[in-house]
1. Put a point 7 Å out from Cα along the line to Cβ at B:HIS25; what are the distances to that point in the other copies, in nm, shortest first?
2. For the range B:312-372, what does the alpha-carbon gyration tensor say about shape, rounded, prolate or oblate, given a ≥ b ≥ c as the root eigenvalues, a/c under 1.5 as rounded, and a/b over b/c as prolate?
3. Using the crude model of +1 on Lys and Arg Cβ and -1 on Asp and Glu Cβ, and no other charge, please compute the dipole size for the range A:63-278 relative to its Cα centre, in debye to 20.
4. Using Cβ counts within 10 Å as a stand-in for footprinting exposure, how do A:LEU210, A:LEU259 rank, fewest first?
5. For n ≥ 4 DSSP H runs only, could you compute -39500 (n - 2.57) per run for the protein assembly as shown, divide by its residues and tell me the 222 nm figure to the nearest 500?
6. So, in Å, what gap is there between the alpha-carbon centers of the range B:347-386 and the range A:39-59?
7. Can you sort B:SER223, A:SER149 by how many other beta carbons sit within 10 Å, fewest first?
8. Which percentage, to the nearest 5, of the DSSP beta bridges contained in the protein assembly as shown is antiparallel?
There are 2 protein chains.
Amino acid sequence: MKVRIANRVQGIAPFYVMGLLARAHELEAQGRSVIHMEIGEPDFITPEPIIEAARRALAAGYTHYTPTTGLPHLREAIAGYYKDCYGVRLSPERVIVTPGASGALQLALNVLINPGDEVLVADPSYPCYRHLVRLMDGVCIMVPVGAQSAYQFTSQTISRRMSKNCVAVIIASPSNPTGTLMNAESLGEIVRMVEANGARCIVDEIYHGLVYEDKATTALTLSSECFVINSFSKYFGMTGWRLGWLVAPEPYISEVDKLAQNIFLAPPTPAQHAALAAFTPETQEELERRRTAFCIRRDYLLPELRGLGFEIPITPQGAFYLYANCERIAQDSYAFAIDILERAGVAITPGADFGSHAANEHVRFAYTTGLEKLEEGVQRLRNYLS
Amino acid sequence: MKVRIANRVQGIAPFYVMGLLARAHELEAQGRSVIHMEIGEPDFITPEPIIEAARRALAAGYTHYTPTTGLPHLREAIAGYYKDCYGVRLSPERVIVTPGASGALQLALNVLINPGDEVLVADPSYPCYRHLVRLMDGVCIMVPVGAQSAYQFTSQTISRRMSKNCVAVIIASPSNPTGTLMNAESLGEIVRMVEANGARCIVDEIYHGLVYEDKATTALTLSSECFVINSFSKYFGMTGWRLGWLVAPEPYISEVDKLAQNIFLAPPTPAQHAALAAFTPETQEELERRRTAFCIRRDYLLPELRGLGFEIPITPQGAFYLYANCERIAQDSYAFAIDILERAGVAITPGADFGSHAANEHVRFAYTTGLEKLEEGVQRLRNYLS
């Protein structure tokens with residue numbers, strides 16, 4: 001039979017890193033050692049109090065569907081977290097619990113984008129932004145951002161690219177792949193400008209807990225008209241559980257709920273009961289220890305990579321990524337990533353996964369593995385480059 | 001700010017039953033008793049061996065992402081299940097583990113539908129079919145089906161409605177809301193006819209384990225070109241875990257994988273480890289006991305409802321639903337459902353949730369509650385109607 005793939009799916013590029021990862025696993029199956037610095041997932045397992053909460057929920061037989069928008073207690077706990085962390089009063093009604101931040105992003109884009117509508121996305125940025133916009137038949141306007149603006153939008157770069165067809169601007173702070181923050185002042189300016197143009201900011205705050213110096217500002221302190229995305233995956237160490245949330249502007253809640261009923265029915269129940277333990281002092285203590293560990297890794301890896309000839313002009317304040325210019329070392333970052341995997345046994349992500357602006361000159365290092373492994377990785381790179 | 005909801009989301013009707021459910025919870029909060037016969041979820045909690053497998057996985061620290069298409073062992077176990085149950089040899093590569101059948105359906109429709117493409121859906125049927133087709137900007141052709149064809153398509157009804165723009169036909173056997181099966185001969189005829197027209201069958205087999213007389217036939221015995229959807233929710237009693245699967249035709253696997261990476265990244269890890277215990281003899285024994293319990297409930301409820309004046313021309317062979325014509329009792333099934341909730345304390349689902357063909361003359365009863373509660377519900381209905 002003839003195979004027809006819908007255009008929206010054909011229009012999405014595969015992740016380059018997936019090919020690298022598959023090759024890394026092949027090499028490992030052959031007995032080769034690979035240092036993984038390509039993975040956007042903390043190495044730590046879920047904190048024990050969260051796991052314990054899941055065990056208790058299972059013992060109590062909580063295995064049925066929850067409401068589509070999530071357990072009421074969990075929505076309240078998330079709203080409470082905004083109060084404790086940022087001093088923001090938030091109605092739990094606005095918190096929609098989702099299967100990962102992926103689910104939250106899908107809801108926000110689905111509810112906002114008509115075919116042909118434009119969405120501004122930073123280049124470089126997390127690839128799913130542009131892919132999901134394409135899936136909604138939206139038009140993704142990739143806006144190059146560079147070191148001079150900490151790889152973040154400015155109100156100037158945005159205003160030049162905003163047409164009357166623009167319905168949303170996606171902001172990520174801290175950013176993947178760059179780890180850089182957008183400061184509060186700049187975020188405020190952009191939010192006001194975007195909203196004055198009748199568009200919406202979608203602010204991805206999934207790395208908010210993992211910030212090492214300044215404190216991150218949630219867009220919710222600036223406007224109640226933003227869509228804010230967050231997740232239990234990264235800071236809370238719950239990647240595999242698939243649990244995130246969307247804070248939606250009040251007038252969108254019922255439409256988002258209806259949409260969620262159709263596309264995922266409800267977020268996973270065991271994960272929700274587990275996440276109720278994410279905000280306890282015991283868990284928070286463990287998470288702060290991990291945050292410190294990530295900070296130490298960054299403070300080790302950053303100068304080492306600079307010493308090897310990678311250019312990293314901004315010290316990233318958050319997440320667990322270093323976005324490194326490698327043009328002094330290699331001509332093509334994708335070929336370079338393949339070569340260091342094959343010859344040095346170090347896996348990293350080529351810039352092409354994050355967009356096309358200077359992508360061939362950049363690679364992303366993730367410090368999601370222990371300090372000893374990072375040291376071994378640096379040693380391998382040093383040998384490879386010498 | 002102006003609120004703009006994307007057309008695809010506006011185009012979806014809310015589930016009527018949600019309003020009824022909210023009212024039922026209000027009444028219960030006031031101390032009223034409600035017999036729930038509206039819920040499409042087994043009352044049983046997840047079988048103990050499955051829960052125990054999850055506990056073991058959590059103790060072992062399995063909390064990270066799995067591959068997007070699922071744990072290789074689980075894909076193999078699912079493929080093995082097709083061999084054991086149906087004698088079908090299936091490559092595990094074709095099994096894509098998803099967050100519930102919702103995820104599987106979303107993948108299949110996303111990969112098949114371009115804007116304007118037509119999809120044939122039975123009327124009545126599960127509301128998410130037509131809603132998801134609308135979300136993909138497809139055109140849902142609702143095809144009325146009645147008791148004379150056991151509320152299933154026939155090759156005649158389909159052939160009359162298939163245009164050159166038709167890319168898919170959704171078949172559900174057993175069907176929600178009718179519980180009726182499509183027999184193997186009819187399924188074979190339809191599959192051949194649809195495929196001869198260059199379209200694809202998407203066959204929803206999520207109620208396959210819950211069949212009480214005949215054995216259900218999987219579409220995979222008939223063609224390797226179908227998309228088959230199944231789930232751990234209903235037969236395996238794992239609703240809240242959000243785990244299902246899609247069996248895709250071989251040429252679609254890589255595109256489905258790419259899509260899944262973007263829309264949900266991976267299915268939940270604890271659920272996948274739990275589901276590895278779903279196929280053990282110990283679990284299967286428990287599931288068979290439950291199947292018998294459902295059969296006993298059906299055999300009780302069906303004649304009682306007929307005795308009360310509901311017309312149920314077909315004895316449904318599967319799922320846990322009775323689709324009842326109530327025109328001898330009430331003029332408008334939606335008003336009727338509200339009235340019996342308010343006055344008799346019995347919650348059921350109005351036909352309007354499942355389409356528009358004779359919807360005002362039908363309601364759906366779910367026997368997802370224990371026999372004593374069903375008896376109490378019947379007694380309340382008897383009092384109400386007398």
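1. Here B:HIS25 shows inter-copy label distances of 4.0 nm.
2. Numbers: a/c = 1.82, a/b = 1.10, b/c = 1.65.
Oblate, since a/c reaches 1.5 and b/c is not below a/b.
3. Details: 15 positive and 18 negative charges, 43 e Å.
Around 200 debye, computed over the range A:63-278.
4. Numbers: A:LEU210 22, A:LEU259 25.
Going from sparsest to densest Cβ surroundings: A:LEU210, A:LEU259.
5. On the way: 26 runs with 319 residues, N = 772.
Rounded to the nearest 500, it is -13000 deg cm²/dmol.
6. Between the Cα centres of the range B:347-386 and the range A:39-59 lies a distance of 41 Å.
7. On the way: B:SER223 19, A:SER149 16.
Result, fewest neighbours first: A:SER149, B:SER223.
8. Values: 34 of 74 bridges.
Antiparallel bridges make up about 45 percent of those DSSP assigns within the protein assembly as shown.
All of the numbers you see were taken from the coordinates with simple rules; none came from a lab. Treat the numbers as computed from the prediction; the structure is a model and nothing was measured. Virtual Cβ from ideal backbone geometry, glycine too; neighbours counted across all protein chains shown.
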